[in-house]
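Each remark here refers to the structure printed beneath this line.
What follows is calculated from the coordinates using simple rules that are stated; it is not laboratory data. Model, not experiment: these values are computed from the prediction.
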C-alpha cells in the first residue's frame, strides 16, 4: 500500500511539473528535474522496502578531509 501511494505521488509530481517545462522548452531543467525525481523516487522506494541506505555524511567527509588538511583546518571527527 505504501509503495502504491509513493508511486502515485511521484507520478503526480512529474505530471504537474513536467508539461510546464516542455511547454516552455526548458530542456536542461527538465533533464535535471527528471534525474532528481528518479533519484528521490529510488531512495524513497528503498527506504519503504527497509533497505539500509548509507549516510551521505561519510562520503562528504572522505571528500572534504584532504581539502581541509590542505587548508590547515583541523578536523575533530574520526
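Above 16 Å, the calculated P(r) of the chain contains 65 percent of its Cα-Cα pairs.
Using only Cα atoms and rounding to the nearest 10 degrees, what angle (0 to 90) does helix 27-48 make with the longest principal axis of the chain? Between the helix axis and the principal axis of the chain, the angle is about 80 degrees.
Once you have the Cα-Cα distance between residue 11 and residue 35, take 0.36 nm times their residue separation minus that, and quote the gain in nm to one decimal. Mind dumping the intermediate values first?
On the way: separation 24, 0.36 × 24 = 8.64 nm, distance 1.38 nm.
So the extension gain works out to 7.3 nm.
Helix 2-23 axis versus longest C-alpha principal axis of the chain: approximately 80°, rounded to the nearest ten. For the pair the stretch 1-16 and the stretch 19-78, the centres of their Cα atoms are 21 angstrom apart.
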